[in-house]
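Undergrad: I have a structure here, written as structure tokens, and I will follow up with some questions on it.
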Amino acid sequence: MHHFDRNDAGELFAEGVPFTTIAREVGTPCYIYSAATLRRHARVFRDPFPEGTVTAFSVKALSNLAVLSLLRQEGFGADVVSGGELMRALQAGMAPSQIVFSGVGKTTDELRAALQAGILQFNVESVAELRMLSEVAVAEGVDAPVALRINPDVDAETHPGISTGKADDKFGIPWDRALEAYGLARDLPGIDPSGLDLHIGSQITSLAPFERAANRAADLVRTLREHNFNITRLDLGGGLGVPYAAGDVPPPPSDYAKTLVAITNDLGVQLILEPGRVIAGNAGMLLTQVVLTKTQTNKSFVVVDAGMNDLMRPALYGARHHLHEIIQKDGEASPFALVGPICESTDQFTPEAELHSPEAGDLLAFGTAGAYGAVQASQYNSRPLVPEVLVDGDAFHVIRSRPTMDEILAHEKIPPHLRHDGT
Ligand SMILES: *Cc1c(COP(=O)(O)O)cnc(C)c1O
């Protein structure tokens, strides 16, 4: 459910704002988010869980400060995976008691910053990290609230590039080493092993893997308690999928919540969820413009002004994003390879986009681009970082502006002996 709709004349709007207006005033390419859609997703996700549940938005999915601020207003906290994301969450006003820190390679500087901020929980992914955190916590004179991320060895039945919960994945501590790791955690100074964490992958479109993982986690909480560990928090990660294509039918968040609550209710733990994609995915589109069309021997191409540097998912995971023509045209659609301007063969969004006689200047939008879109953008080919726009009702706000080439080049320094003008 989202708030991108056409008016009677067939023109696509984000809430009350025509895409054509944003194209004119901000330029293309740019990301467009719908505030009403973000709010709706936040509420639909959060409401079925019991009070006291922490819904920690996965900042890596969409990290813009304005979006984090909107989600903070909806009662969300943050799941961060770097010191930079921690800064974003704090700057957006998220309470440290609603922030968890995940990731396989946290540095001592990052651990220290999070300890000083007083976050809710460190999701620790290895024994080596546990020892590092212990040292930093002792130096800081505090106890670190820790959940060990245990790898439940369940198949998330998703794309191998975004599966994280199988025995061979790099994430977490192997299931059969859990008790041993908790024992070490209890013995280490500065560590308070009071939580359990897992995250099995992303874009999961059936309940079964979540159910299996939650059951395993609940069993482990019981086992740990038998061994006198006081486990008070259970973090079940993120991963609920969104419909990218017609065949994707992810379970509704209410069913997801019902399943997880039923499995964990009698444990009396504080639940933590880390949704990313399900909140942000359908709340964003990437607006682009046709630069030109060209026909090779037996293939027609449409070259747009967005590239793989602006939306990497197709090149990275073979992902497909539904394509919308901003102004509907009459007549027959025919297939085109839709590509970006980047000097890489993988800079292709879809091999067969059905378009109505596309021509230079036509506006197109990639749907379901709110999550893992803008955050993965780069300046490859010296293309300025793609801007972001938040539509809220009849108003729109540029929430990240397009940098100028002068701003981009200002970070680069030519040593004096290499300067061409002797300055
Ligand atoms: C990426 C990630 C998430 C969010 O996953 P989604 O599929 O976007 O919900 C949550 N937790 C961890 C640890 C992650 O790495």
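Undergrad: How large a share of the accessible area of region 346-423, in percent, is made up of carbon and sulfur atoms when the probe is 1.4 Å and the other protein chains stay in place?
TA: Of all accessible area on region 346-423, carbon and sulfur atoms account for 54 percent.
Undergrad: Per residue Cα convex hull volume for the chain, in cubic angstrom?
TA: 173 Å³
Undergrad: Follow-up question, since we're still on this one. What is the count of Lys pairs in the chain whose alpha carbons sit under 25 Å apart, if the two are 8 or more places apart or on different chains?
TA: Going through the chain pair by pair, I get 8.
Undergrad: With θ set to phi - 60°, apply the Karplus curve 6.51 cos²θ - 1.76 cosθ + 1.60 along region 252-261 and write out the HN-Hα couplings as whole Hz, x wherever there is a Gly or Pro.
TA: x, x, 5, 5, 4, 5, 4, 4, 5, 5
Undergrad: Right, something else. Distance between Cα centroids, region 37-88 to region 224-239: provide it in whole Å.
TA: Here the two parts' Cα centres lie 22 Å apart.
Undergrad: While we're on this one: Within region 220-263, find all residues whose amide N lies under 18 Å from a label point positioned 7 Å from the Cα of Val104 along Cα-to-beta-carbon.
TA: In region 220-263, the label zone of Val104 (backbone N under 18 Å from the point 7 Å along Cα→Cβ) covers 237-239.
Undergrad: On to the next question. Give me the percent of DSSP beta bridges within region 103-273 that run antiparallel, rounded to the nearest 5.
TA: The answer is about 5 percent antiparallel.
Undergrad: I'm checking a number: the convex hull volume of the Cα atoms of region 103-273, normalised per residue, in Å³. What is it?
TA: 113 Å³
Undergrad: Taking all protein chains in place and a 1.4 Å probe, what share, in percent, of the accessible surface of region 103-273 do carbon and sulfur account for?
TA: Solvent-exposed carbon and sulfur of region 103-273 make up 50 percent of the total.
Undergrad: In nm, to one decimal, how far is the Arg186 label point from the His420 one, both placed 7 Å along Cα→Cβ?
TA: Going from the Arg186 label point to the His420 one covers 6.8 nm.
Undergrad: Say R0 is 30 Å: what FRET efficiency, to the nearest 0.05, do Thr346 and Leu179 get from their beta-carbon distance?
TA: Working from the Cβ atoms, E equals 0.10.
Undergrad: How large, in Å, is region 6-78 by the Kirkwood hydrodynamic radius built from its alpha-carbon pairs?
TA: Answer for region 6-78: a Kirkwood hydrodynamic radius of 14.2 Å.
Undergrad: Want the number for Leu65 to Thr297: 0.36 nm per residue separation, take away the alpha-carbon distance, what's left?
TA: Extra length from Leu65 to Thr297 when fully extended: 78.8 nm.
Undergrad: Okay, helix-only estimate at 222 nm for the chain: each DSSP H run of n ≥ 4 adds -39500 (n - 2.57), divide by all residues, round to 500 deg cm²/dmol; what do you get?
TA: -8000 deg cm²/dmol
Undergrad: Can you give me the accessible area per residue for region 323-394, using a 1.4 Å probe, in Å²?
TA: 43 Å²
Undergrad: Please work out the Kirkwood hydrodynamic radius for region 263-353, using every pair of different C-alpha atoms, and report it in angstroms with one decimal place.
TA: Hydrodynamic radius (Kirkwood, Cα pairs) of region 263-353 is 15.8 Å.
Undergrad: Okay, next question. Quick one: accessible area per residue over region 103-273, 1.4 Å probe, rounded to a whole number of Å²?
TA: 41 Å²
Undergrad: Counting alpha carbon pairs within less than 8 Å and at least 6 residues apart, what relative contact order, in whole percent, applies to region 194-349?
TA: Relative contact order of region 194-349: 20 percent.
Undergrad: Would you list Val138, Val303, Val389 from the most to the least accessible area, probe 1.4 Å?
TA: Val138, Val303, Val389
Undergrad: With no solvent and one point per C-alpha, what does the Debye sum give as log10 I(q)/I(0) for region 314-423 at q = 0.15 Å⁻¹?
TA: Ignoring solvent entirely, the Cα scatterers give -0.87.
Undergrad: Right, another one. What share of the DSSP beta bridges in the chain is antiparallel, in percent to the nearest 5?
TA: The answer is about 50 percent antiparallel.
The values are calculated or read from the model by the stated rules, or taken from the named source; none is laboratory data. Please read these numbers as outputs of a predicted model, since none were measured by experiment. Here Cβ is always computed from backbone atoms with ideal geometry, including for glycine, and neighbour counts include all displayed protein chains. Areas reflect the complete protein model, heavy atoms only, side chains present, ligands, DNA and RNA absent. Shrake-Rupley method; radii C 1.70, N 1.55, O 1.52, S 1.80 Å.
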